[in-house]
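The values are calculated or read from the model by the stated rules, or taken from the named source; none is laboratory data. As the structure is a prediction and not an experimental result, all values here were calculated from the model. As a convention, Cβ positions derive from the backbone with ideal geometry for all residues, glycine included, and neighbour counts pool all protein chains shown.
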Amino acid sequence: MFVKQVPDVSTLEHDPSSLAPRLDRATLRLGESDIVALEAAVRIKEEFGGEVVVLSAGAELNELVLREALAAGADRCLYVSDPVLRLADSWVTSNVLSRLSKKAGDAEILFCGEASSDSGNYQLGPRLSEILSIPCVTHALKIELSGSVVRVKRALEDRVENLECDLPVIITASLELASPRLPSLLMIRAASRKPMTRVELSELGLQEDLIQPQVERLTVKLLKTSRRGVVLTGEPDACAVKLVEALEKEGVLRG
Amino acid sequence: MKRSLIVAGELEDVLGLRGVLDSVGLEYAEAFVPDRLLGERAVETLGLKKIYAVERFDEAQSEALAGALRDLVTGADTLLVLAPSRKMYRELFARVGQSLASACVNDCTNISLEEGKLVVERPTLGGGYVESLEVKRFPAFLTFQPMGRSPRRRDATSIEVVKLGAVTSGRRTPKLLSVEVAERGGAELSRAKVVVSVGRGFKKREDLRLAEELARLLGAELACSRPISSDLGWMPEDRHVGLSGRWISPQLYIAIGISGQVQHTIGVRGSKIIVAVNSDPSAPIHREADYSVTHDLYQFIPALIKALRERSPSRG
Ligand SMILES: Cc1cc2nc3c(=O)[nH]c(=O)nc-3n(C[C@H](O)[C@H](O)[C@H](O)COP(=O)(O)OP(=O)(O)OC[C@H]3O[C@@H](n4cnc5c(N)ncnc54)[C@H](O)[C@@H]3O)c2cc1C
Ligand SMILES: Nc1ncnc2c1ncn2[C@@H]1O[C@H](COP(=O)(O)O)[C@@H](O)[C@H]1O
């Protein structure tokens, strides 16, 4: 189960002059589709038994944030926190996490989100599939496990597919796969006693080129839009007439 | 001359991607496409040197397409491999990128290539920001979000065609049990001048009739926020706009009962005029709008329909 620690983009501030995000002030959280995937994993554990292990990598991971995943029902966590990963792209992240997953032991189902909430690369699942030679089903909407076979419903833009795959399998969760629960106080307390293991990057035995990014971030800037911001007031009927007049003036109505 | 490769299942995407290559002056291009595109006139005027025509492209699993694509790229001097930003291509490129130790960047919105330095832009941090990235390993696999670039038309040329048959994977892959083909609509949506878009402010599926009526009067296409298509299934997935859906730039975008989270609004930033109808004055959509209305949609949309009918009584 892969969970990424990300800045909360809904409360992120930016520097007014450079337009760069103030990541140093951001609230940290777990990725949205990662939490959905985690919920799916925990439900499978509750029905069929087994163990849910959380794996994470980042430049400066905060154990308290990772504990949220344990509070949501995972059993233990292994993570790599290393400044080198500040520059990590999907190539580096996938190489690191594939090794970390091996440290955690063989898994029947490897879950991750369809896209991370900060960078939204849509890459980890398919990349792990190549590295580990395990089939991957992306964008899962629904999963059903029976014996050593999993059935997955997934949505592409123009079709919904029903697939079947023998375990082990990698599944990436779409936001609709499960509704994450709010951890109870009891679960939060229990989480503080669950094992959390920090693994050093050097323990993973990765050659230099496997942690060398292929893509370098030059700048990040707020996307600015300027809109007219006209507020139309009055009773619905009057307001509707004003809107039609305004749109006519803009020349965006046909006829 | 270095080669570039276009990977796409639809004609409009082949044209858009050729436009992307033209914008950075890359002339030598080949295409990896379904064999059904072979007869298309528009393809013949793109100056493509070679077409790899894949049988049953649309049914192929990503592992199989990845295998075939990897074979085409390995050993050849390829600079860029481009595809549209859709789920199957993002997955395909992540796979090939990983196995060839090549860079892969999804959802690019811009590209520049100067003195061999390749820089792309893409949305990040939920869509509220744009990052600019230098790509350092080639071939670079890039998926493009809204293309909106027209290709330069050349004289029709004869193109070398390599038929690839149906590709299969030798590996253990998921078995496809059944496919429910959804109504397509995204293409019309991308071309539409006016778009009426619905969100969770609508209480029941039947109520979408209000939006349909409005769209009919305006000659508009319908779109929606992600929860409407993905959670509720009230509209086809192809009609949702935003970070994970379509990116559109109509003349007029009317958002009804949509809160306007950044993941939604990024998909409509290119619109000329945005109208927001949302009963909550603090909803973020109002800050992204040219004209904002804070009424209950159930009162306002009928009023708007009436006002439009009165403008042109012959219509509707
Ligand atoms: C990684 C990621 C990707 C995402 N990608 C997308 C995407 O591509 N597209 C997308 O749309 N979303 C996307 N989302 C989801 C997005 O964050 C929002 O949750 C979603 O857009 C909200 O949809 P909504 O506005 O319809 O619903 P809500 O947020 O529930 O808003 C409903 C709005 O309707 C208003 N309303 C209620 N009743 C009425 C009434 N009677 N009259 C008028 N107004 C009323 C309310 O005030 C409210 O503002 C993504 C999220 C994540 C995490
Ligand atoms: N650094 C990371 N640590 C743990 N999980 C990650 C990390 N990066 C990505 N993931 C997982 O991979 C998914 C897809 O991420 P991405 O490919 O970056 O869009 C996320 O939803 C997470 O589940």
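Below is a table of values for the structure above.
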item: Listing of strands (runs of 3 or more DSSP E) fully contained in the stretch A:156-255 that carry 1 or more residues being more than 10 Å from chain B (Cβ to nearest Cβ) and not hydrophobic (A, V, I, L, M, F, W, C); result: A:196-198
item: Number of the exception - A:Ala140 against (1) more than 26 Å from A:Ala26 (Cβ to Cβ); (2) small (Gly, Ala, Ser); (3) part of a helix (DSSP H, G or I); result: (3)
item: Subset of the stretch A:36-52 [surrounded by fewer than 23 Cβ atoms within 10 Å (Cβ to Cβ) and within 13 Å of ligand 2 (Cβ to nearest atom)]; result: A:Val36, A:Glu39, A:Ala40
item: Counted residues, the stretch B:186-213 - those being of a type in the set (Ser, Thr, Tyr) and modelled with pLDDT under 95; result: 1
item: The stretch B:126-157, subset in a loop (DSSP other than H, G, I, E, B) and without any contact (Cβ under 8 Å) to a residue 40 or more places away in the chain, residue surrounded by the fewest Cβ atoms within 10 Å (Cβ to Cβ); result: B:Lys136
item: Positions within the stretch A:100-118 being away from every other protein chain (no Cβ under 14 Å) and either of a type outside the set (A, V, I, L, M) or within 7 Å of ligand 2 (Cβ to nearest atom) (or both), in sequence order; result: A:Ser101, A:Lys102, A:Lys103, A:Gly105, A:Asp106, A:Glu108, A:Phe111
item: Tally of residues being surrounded by 22 or more Cβ atoms within 10 Å (Cβ to Cβ) and within 18 Å of the chain's Cα centre (by Cα) across the stretch B:16-31; result: 5
item: Positions within the stretch B:86-119 being surrounded by fewer than 24 Cβ atoms within 10 Å (Cβ to Cβ), in a strand (DSSP E or B) and facing another protein chain (nearest Cβ under 9 Å), in sequence order; result: B:Val119
item: Residue match in the stretch B:191-207 (condition: loosely packed, with under 13 Cβ neighbours inside 10 Å and within 30 Å of B:Leu48 (Cα to Cα)); result: yes
item: Residue, nearest to B:Pro227 (Cα to Cα), within the stretch A:130-151, restricted to residues that are touching a strand residue (DSSP E or B) at 6+ places or on another chain (Cβ under 6 Å) and facing chain B (nearest Cβ under 7 Å); result: A:His139
item: Single residue of B:Leu243, B:Leu208 found to be of a type in the set (A, V, I, L, M) and in a loop (DSSP other than H, G, I, E, B); result: B:Leu243
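Results for (1) surrounded by fewer than 22 Cβ atoms within 10 Å (Cβ to Cβ); (2) at pLDDT 95 or above; (3) assigned by TED's automatic domain parsing to the domain that holds A:Ser90; (4) within 29 Å of B:Gly233 (Cβ to Cβ), shown as yes or no for each residue.
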residue: A:Cys136; (1), (2), (3), (4): no, yes, yes, yes
residue: A:Leu145; (1), (2), (3), (4): yes, yes, yes, yes
residue: A:Arg151; (1), (2), (3), (4): yes, yes, yes, yes
residue: A:Leu156; (1), (2), (3), (4): yes, no, yes, yes
residue: A:Ile188; (1), (2), (3), (4): yes, no, yes, no
